[in-house]
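The values are calculated or read from the model by the stated rules, or taken from the named source; none is laboratory data. These numbers were taken from a predicted model, which means no experiment stands behind them. Cβ: placed from backbone, ideal geometry, glycine included. Neighbour counts: every protein chain shown. Accessible surface is based on the protein model in full, side chains and every heavy atom, while ligands, DNA and RNA are left aside. Shrake-Rupley method; radii C 1.70, N 1.55, O 1.52, S 1.80 Å.
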Amino acid sequence: MKRRLISTLLLISLLVSVFAASGCGDSADKSDETTAAVSGSDVTTADPGPQLELPEVNYEGKEFTILSTVHAEYEYVAEEMTGDVVSDAVYNRNRNVEELLGINFNIISEPGHWDDKDNFNHLITSSVMAGDGAYDLINGVTVCILPIASDGMFVNSLDLDYINFDNPWWIQGMEDDLAIGGKLFGFIGDASLSMYKDISVIYFNKTLIDSYKLENPYDLVRNGTWTINKLAEMSAAAASDLNGDGAMDTTNDQFGYITAAVPQRTFQTATEFKVIRFDESGNPYVADLGDHEVSIFEKMNAFVSNKNDNNFQYATDQTVVSNIFNDERALFMCQFLYCTEYLRDMKSDFGIIPVPKYDEAQEKYHSQIGTSTSMFFIPRTTNDLDLTSMVCEALCYYSWRDVVPAYYEIALKEKYTRDEDVKEMLELIRNSAQMDFTFAYSTIFSPFTNMVLPTVETDVSTDYMSKYESHKSAWQSVLDSLIDSYSKLS
């Protein structure tokens, strides 16, 4: 808790200044070599924060190859300075890492999203099986690559000497949320800018909040009273049949709450609804439904079915949902953070807060990272494990320090530089970010384990307990096979 508190305070100082510099944390020395505190920038602040600590090395121009996906090229491909703030931050980050370690990046981009996952995975497996060492690092889509980790393609990141997951540029808790039997083959840090784009948040219309004299959502979050019940209550106050035809439609009327299916699923993480838990050996198992889970089911059934008169509205198309909010016909919207791109012309000011908690007794907010987020994987045929681990640590450090603030500045335009509430909320959302096992491995289960709670009205059911029980045996069988496969990997 002490380490997390320190990281939290340091992240606040980072987000207060768009171009915050940083310096060094509590990284333990991991070799007998002399370590150097790396700055790599002329920008300084009164409190530079945690620094990167790595050995002083020079690989004398050695080529370092990263296989990445075309859809996430923005995370690594930046051949020159263009004047684009984010792209230039990526360019400078790459150069900083190259100069720090004495290497040259070779970025290979291939189609690797859901429809292309089999071909992308074949590139990995064929290289590893051939032992050709073609790739030093893989940057791939979480739900597309994790399923092949059990085939022994990757190195256990918990065994690497120069990656310190306690540093704030890594997602916290991955050892608890994603590892199986002490083995973590895929991991996420701030180099994965898609993490920020694909994290689920709640947007609210400030004008409508004032018009209906509703409570300040920022204060609710701060006070720990931002809950499902509060969301339903406030949503009901703002729903309105604007054209008076007696029916609610997405073209003419005003809604209390709108969402798309995928971000709506993240309520499962936000409310601590656990489908998968871990035993004392760190192995996952399918959990029983307890009173807590039953209560969440009932709350979500009521909310999604509009029993609160909140006029819950769902659409499959992200742009449809965002356009309703942009037209100022919704009080709340559950969407990914990248949907700020659809709100450029919105006249009213909007706020951003985390997805609500189950109730006030829940200690923390939880922000689920999108399953399409990029994740690091280190092939077991990488040429130099020490170098690869240093590259991972350095890429995430410089991203945390320089690239992420640049993205916030662009994504939220002047809002990020002038709105202290938004800065505070973004810091809270980032600190609460997690990739729950239920989401990361969802695609190996049938039905998906991250689709247990109702997300649309047609999902509402009174026999949810029997449905859940009917899937447990099949889910556990998948887990047993996964655990067995992992147990045979070194």
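Numbers below:
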| read-out | value |
| --- | --- |
| Cα-centred dipole magnitude for the chain, charges only on beta-carbon of K, R (+1) and D, E (-1), debye, nearest 20 | 780 debye |
| Neighbourhood charge, 15 Å Cβ-Cβ cut-off, centred on Gly186 and excluding it, Lys, Arg +1 and Asp, Glu -1 | -3 |
| Nitroxide proxy distance, nm - points 7 Å out along Cα→Cβ at Glu414 and Met129 | 5.8 nm |
| Filtered GluC sites (Glu not before Pro), the stretch 409-451: DSSP coil and at most 14 other beta carbons within 10 Å | none |
| Accessible solvent surface per residue of the stretch 63-110, calculated while the other protein chains remain in place, 1.4 angstrom probe, Å² | 42 Å² |
| Student exercise, the stretch 181-254 dipole from Lys, Arg, Asp, Glu Cβ charges, in Debye to nearest 20 | 480 debye |
| Accessible area expressed per residue, the stretch 376-470, with surrounding protein chains retained (probe 1.4 Å, Å²) | 33 Å² |
| Mean separation of Cα contacts under 8 Å (6+ apart) over length of the stretch 163-233, as relative contact order % | 17 percent |
| DSSP-defined beta bridges in the chain - what % are antiparallel, rounded to 5 | 55 percent |
| Placed amide H near Gly133: partners under 5 Å, 5+ positions off or other chain | none |
| Options Ser211, Leu193, Gly224, ranked by Cα towards positive dipole end of the stretch 157-240, top entry (Cβ charges) | Ser211 |
| Accessible surface of the chain, 1.4 Å probe, proportion on carbon and sulfur as whole % | 46 percent |
| Alpha-carbon centroids, the stretch 147-206 and the stretch 239-267: separation in whole Å | 34 Å |
| GluC sites (Glu not before Pro) restricted to the stretch 162-264 and DSSP loop, no more than 15 other C-beta within 10 Å | Glu215 |
| Percentage relative contact order, the chain, counting C-alpha pairs under 8 Å, at least six apart | 24 percent |
| Solvent exposure ordering (accessible area, 1.4 Å, most first) of Leu482, Leu214 | Leu214, Leu482 |
| Shape category assigned to the stretch 47-206 from the gyration tensor of Cα positions, a/c cut at 1.5 | rounded |
| Alpha carbon centroid spacing (whole Å) that separates the stretch 360-382 from the stretch 217-235 | 25 Å |
| Shape category assigned to the stretch 344-452 from the gyration tensor of Cα positions, a/c cut at 1.5 | oblate |
| Surface per residue (accessible, 1.4 Å probe) for the stretch 251-300, Å² | 35 Å² |
| Rg and Dmax [Cα atoms of the chain; Å; Rg one decimal, Dmax integer] | 22.7, 76 |
| Contact order normalised by residue count of the stretch 275-335, Cα under 8 Å, 6+ apart, percent | 14 percent |
| Computed [θ] at 222 nm, helices only, for the chain once each DSSP H run of length n ≥ 4 contributes -39500 (n - 2.57) | -10500 deg cm²/dmol |
